[in-house]
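Colleague: Structure provided below as C-alpha cells; questions to follow.
FYI, it's all coordinate maths here, none of it is from the lab. Keep in mind that this is a model prediction, so the values were computed, not measured. Here the Cβ is made from the backbone with ideal geometry for all residues, glycine too, and neighbour counts use every protein chain on show.
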Amino acid sequence: MKNIILNHAARKRWALLGIVILSGLLLAGCQEGKPVEETAAARAQSAQSSALSQTSKVPQSPPTLAPAAVLPAATLTPPPTAAAIPLPTPTPDPTATPTATPIGPCDGRMPNGDLLTIVTKTYGLNPAYVPDDLVPLADYLGNDVTLGYPIIVRAVMVEPLLQMIRDMQAVGLEPQILSGYRAYSEQAAAYAKWAAEFPDRVDILSAPPGHSEHQLGTTIDFGSPHLPEYSGDPTLQFHTYFYKTPEGVWLSENAWKYGFTLSYPREAQELTGFFYEPWHYRYVGVEMATTLQNANTYLTAFQLANQPEPCIP
C-alpha cells in the first residue's frame, strides 16, 4: 500500500515535471520569432540612437573655417581650334585679272576740242584730225612777227597770243612766230626734211607725224632775231640756246600769265620722249598754266597723272 502511494506520488511529480517542461517548451516556441523582430527594432533603435548621438555632437554654431590656401592660378591650355585640324584648302573660284578699260584705236578717236589732249612720242593723234576753228595769224600780225609764213592757229588762243606779243614788243623785244598748226601730212614732210638735213638732230627739231602738238592748233614755235648771237649759226631758226635770248628769257618767266606753258622742259625728256625745246609753247588756258607754274611741274606729267590714258597708235 505504501508502494502504491509512493508510485502514485512519483507519477504525480513526473506529471508536474512534464507540465513544467511542456510549458517551458511552449513558452520557448512563442518566443522564437521575437528575437528577429526585436533585433530589427533594436537595430533601428540603435541607428536612431547613433544618429541622435552624432547629432548631439554637431556644434550649435558654425565652426570658424581656416582661410583657404591661395593656389597659383592654373594656366589653362585652350582646346585645339579648328585651324589646328588639317582641313583641305578650298580652291577659290578663278577671278579675272582686272584690266584697264580698253581705249579705242587712234584711227577712230578724235580730240574733243579741249586744251589738254595728251600728245607725246607714245600717245598720238588721229591722222585725220583737223581743228574746226583755225584762223590765219596774218589777219592779226605783220610779217615782222610771222616772217611771212602762212601760220594758222585755233581761234581760242588768238587773243591771249596777241596780248602777249604786244606786251613783249612794249618792252623792246622782237618775238617771232615760226610755226603754228601743222597738219599730219605737213608734219610728215617736216620730219623728213629735218631728218635729211640734220639726221643727228632730227629728234630735237621735229616730232614724228601724229605725235606733234602742232596738229592740235594750240602750239607755237617762237623765234628770236638774236639767236645767231648765241648759236653761232645764222642759218638756224631752232636751237636750244633760244633760252638765252631776250625773247626766250621773257617767255620762260611770263608766258604762263597768258595761258601758255613750255611743253618740253629739260627734265621732261624721259616722260615726253622729246629733248628740251625752249621755243615750244602750248596754250592751255590761264588757269591750267597757273596751276603748272605754282606746282613747278610740266604739262605732260600733270596730264598723265590726272587724265585718262590716251590711245597708242
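Colleague: How far apart, in nm, are the 7 Å Cα→Cβ label points at Thr290 and Val171?
Modeller: Result: 1.9 nm between the two label points.
Colleague: Where does the charge balance sit around Thr218 when Lys and Arg score +1, Asp and Glu -1, over other residues with C-beta under 9 Å from its C-beta? Walk me through the intermediate numbers first.
Modeller: Numbers: positive: Arg154, Arg282; negative: Glu213.
Once positives and negatives cancel, what remains is +1.
Colleague: For the range 233-241, in order, what is each residue's ³J(HN,Hα) by Karplus, 6.51 cos²θ - 1.76 cosθ + 1.60 with θ = phi - 60°, in whole Hz (x at glycine and Pro)?
Modeller: Computed from phi, the couplings for the range 233-241 are 10, x, 8, 8, 9, 10, 7, 4, 6 Hz.
Colleague: Skipping prolines and chain starts, which residues have an amide H placed within reach, meaning under 5 Å, of the one on Ile152, given they are 5 or more residues away or on another chain?
Modeller: Under 5 Å from the amide H of Ile152 lie the amide H atoms of Leu137, Gly180, Tyr181, each far enough along the sequence or on another chain.
Colleague: Evaluate the distance, in nm, between pseudo-label points positioned 7 Å from the Cα of Glu159 and of Thr235 along their respective Cα→Cβ axes.
Modeller: Each label point lies 7 Å from its Cα, and together they span 4.4 nm.
Colleague: Over the Cα atoms, compute the radius of gyration (one decimal) and Dmax (the largest Cα-Cα distance, rounded to a whole number) for the range 110-306, in Å.
Modeller: 15.6, 43
Colleague: Could you compute the net charge surrounding Arg182? Neighbours are other residues with a C-beta less than 10 Å from the C-beta of Arg182; K and R count +1, D and E count -1. If you can, show how the numbers build up before the last one.
Modeller: Working: positive: none; negative: Glu186, Glu213, Asp221.
That works out to -3.
Colleague: While we're looking at this one, here's another question. Pull up all non-local amide H partners of Gln176: gap of 5 or more, or a different chain, and H-to-H distance under 5 Å with H placed in the peptide plane.
Modeller: Gly223
Colleague: Name the long-range amide H neighbours of Thr117: under 5 Å, sequence gap of 5 or more, or other chain; modelled H, no Pro or chain starts.
Modeller: none
Colleague: What ³J(HN,Hα) values, in whole Hz, does the Karplus curve 6.51 cos²θ - 1.76 cosθ + 1.60 give for the range 115-122 when θ = phi - 60°, with x put for Gly and Pro?
Modeller: 9, 10, 4, 7, 9, 9, 6, 8
Colleague: Ordered by residue, what ³J(HN,Hα) values in Hz, to whole numbers, does the range 177-182 give under the Karplus form 6.51 cos²θ - 1.76 cosθ + 1.60, where θ = phi - 60° and Gly and Pro are x?
Modeller: 10, 9, 6, x, 5, 9
Colleague: Let me ask you something else. Sort the following peptides by mean Cβ neighbour count (other Cβ atoms within 10 Å, averaged over residues), highest first: 215-226, 268-279, 232-243.
Modeller: Numbers: 215-226: 23.3, 268-279: 18.5, 232-243: 16.4.
The most tightly packed comes first, giving 215-226, 268-279, 232-243.
Colleague: Within the set of other residues whose C-beta is less than 14 Å from the C-beta of Leu137, count the net charge using Lys and Arg as +1 and Asp and Glu as -1. Don't skip to the answer; put the middle values down first.
Modeller: Working: positive: Arg154, Arg166, Arg182; negative: Asp133, Asp139, Asp144, Glu159, Asp221.
Neighbourhood net charge equals -2.
Colleague: I want to check the label-to-label distance for Asp200 and Asp144. Put each point 7 Å from Cα in the C-beta direction and report it in nm to one decimal.
Modeller: Using points 7 Å along Cα→Cβ, the separation is 3.9 nm.
Colleague: What are the principal axis extents of the Cα atoms in the range 129-241, in Å, biggest first?
Modeller: Over the range 129-241, Cα extents along the principal axes are 39, 38, 19 Å.
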